[in-house]
Structures are given as C-alpha cells and as structure tokens.
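In what follows, a single structure is set out as structure tokens and then discussed.
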Amino acid sequence: MITLYGFGRVIRMVIGETRDLRVQWALEELGLPYRVHPLDHTGGELDSPAFAAISPFHQVPVIDDGGVVIAETGAILLYLAEKAGVLPADGAGRAAIVQWCFAALTTVEPPIAMIQLMDGGGLPAGAEQRAALVAWSHRVLGGLERRLDGRTWIAADAFTVADILLATVLREIRRTDLLADYPRLRAYYDRALARPAWQRALERHAERLGVTVAEIR
C-alpha cells in the first residue's frame, strides 16, 4: 500500500491548488492502492523532525511505497508510472514522457505559477511585472499549441503522467483568459480534466480538506 503524505489542513486560499492533488490524480488514474497521511501545515507539522527525515525541503507531496520514499512531484509520477507498468519499453517513447514531464515543471510552470501568485496576492502586483510574465507565458503556451497540432495528448498517443503534470500546471491559470488564443491547448486542458480519475481525485481532495468540489474546481 502506497502512503501519500498530503495536506490535511492548510490555509484556505491554497486548498485545491497544492501539488499533492497531482499525485492523487496519478494514483487514481493508474489504479494503484494508496492511503493518504494528512499533515497539518498550519500547525507546523511539515517542519517536524519526523517529516524532515523524509522530505528534505519540508514539502508535500511525498510517497512511501514499502520503504521507498520519494519526494518531488515529477519524480513521484514517473516512479508511479514505472510501478504501474505504463512507461513505454522503447527508449524513445520513455524519453518523450520524461521530456514532457520536465517541460511541464521547468518550462511551462514558472511564469504561470508567478502569475497565479501575483493574482492571488502571494507576490507583489505590478502592471509591468505581470505584463512581462504574460509575455513569457504566451511564448510557452504557443509552443504547446504547436505541439498539439494533430495530437490528442502531449507526449504520446495515450494519456500519460506528463499530461497530469501539464494539465495541472495549466489549471493554475484557469481563472484568467490566457488560454483564449490557443484553441488546441484549451481543448486539451478540457479533455484532461474531464477524465473520471481527475474527478475522483478532486472529490477526495475536497473531502479531505473539508470543502466542496465546487469551491475548488
């Protein structure tokens, strides 16, 4: 049984935005048995010596699979895909999934995450700074739009963990109009979040945090 260390209590403004939701989606998608070990962020549980022993940066999520302890979302999802036997056997197919996992987290997410933080009050807001982030975002979103020409999913013909990472990154800007000029990317995003496994993950996350799905959708 895999243990997912996730949030059990966190400040309200980030409920539904935290990265443990990405791992829960992967677990639901892959059909792997798991349990959630909820942590009280507001009570300082992430700073405890016990959690520091398994999470070098005091961050969630972390998984423990029978003593195999892994932090960092991208690493966790690739491990789960390997465990579930869904990573391609051929080197090129595997490399494509790894590439797009890295792309989602290191190329696409930085400007999008900063826009989300700025709009949510987590970073100082300034028109010039936000405009620069929007321009940066359009550069990466344009690259994704081109990649999706004639494709259903980002890395392979089938849905993969790379799509989980990319769709949840795009979700950070769901309350903006940044996807309006990218019809293929918008359709891709809608397709990914229509998957039953995502709906289950969202429902279980909402229940764990004591909110309704409608509040975090």
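No lab work stands behind these numbers, since they all come straight from the coordinates. For clarity, every value in this text was computed on a predicted model and none was experimentally measured. Ideal geometry is used to build each Cβ from the backbone, glycine not excepted, and the neighbour counts take in all protein chains shown.
Taking only complete DSSP H runs, can you tell me which helices of the chain stretch 24 Å or more along their own long axis by Cα positions and average at least 0.0 on the Kyte-Doolittle scale?
none
Pairs of Cα atoms under 8 Å, at least six residues apart: use those to get the relative contact order of the chain, whole percent.
It rounds to 24 percent for the chain.
Write down the radius of gyration of the stretch 163-205 and its Dmax, each obtained from C-alpha positions, in Å.
Both quantities, over Cα of the stretch 163-205: 10.7, 33 Å.
Want the number for Ala84 to Phe57: 0.36 nm per residue separation, take away the alpha-carbon distance, what's left?
Result for the pair: 7.0 nm of gain on full extension.
Once you have the alpha carbon radius of gyration of the stretch 52-158, what is it after dividing by 2.2 N^0.38 Å, with N set to its residue count?
Normalised Rg, Cα atoms only: 1.32.
Using only helices, what value at 222 nm comes out for the chain when you add -39,500 (n - 2.57) per DSSP H run of length 4 or more and divide by the total residues, to the nearest 500 deg cm²/dmol?
-15500 deg cm²/dmol
Obtain the nm distance between the two label points defined at Ser48 and Val213 by a simple spin-label model: each point lies 7 Å from its Cα along the Cα-to-C-beta direction.
Modelled inter-label distance: 3.1 nm.
For the chain, set up a Gaussian network in which alpha carbons nearer than 10 Å are linked by springs, and say which option among Thr18, Thr106, Thr160 fluctuates the most.
Per the Cα network of the chain with a 10 Å cutoff, Thr106 tops the list.
Which one of Ala158, Ala132, Ile112 is farthest out on the positive end of the charge dipole of the stretch 91-195, using unit charges on Cβ (Lys, Arg +1; Asp, Glu -1) and the Cα centre as origin?
Farthest towards the positive end: Ala158.
What translational diffusion coefficient, to the nearest whole µm²/s, does the stretch 124-217 have by Stokes-Einstein, given a Kirkwood radius computed over alpha-carbon pairs, a temperature of 4 °C and 1.567 mPa s viscosity?
Answer from the Stokes-Einstein relation: 88 µm²/s.
Which whole-angstrom value gives the distance between the alpha carbon centres of the stretch 108-182 and the stretch 1-75?
Here the answer is 24 Å between Cα centres.
Arrange the following residues from fewest to most other Cβ atoms within 10 Å of their Cβ: Phe57, Phe159.
Sorted ascending by nearby Cβ count, the order is Phe57, Phe159.
Taking springs between alpha-carbon atoms closer than 10 angstrom, which of Val36, Val62, Val23 fluctuates most in the Gaussian network model of the chain?
Result: Val36 has the largest fluctuation of those listed.
For a Förster distance of 22 Å, can you work out the FRET efficiency between the beta-carbons of Arg175 and Glu128, rounded to the nearest 0.05?
The formula returns an efficiency of 0.55 here.
Rg to Rh for the chain: what is it, with Cα atoms only and Rh by Kirkwood?
Result for the chain is an Rg/Rh of 0.95.
Any idea what the relative contact order of the stretch 91-195 is, in percent, if you count C-alpha pairs under 8 Å spaced at least 6 apart?
That works out to 36 percent.
Would you please give the residues with an amide H less than 5 Å from that of His37, counting only those at least 5 places away or on a separate chain, with H modeled from the backbone geometry?
HN-HN under 5 Å from His37: Leu4, Tyr5, Gly6.
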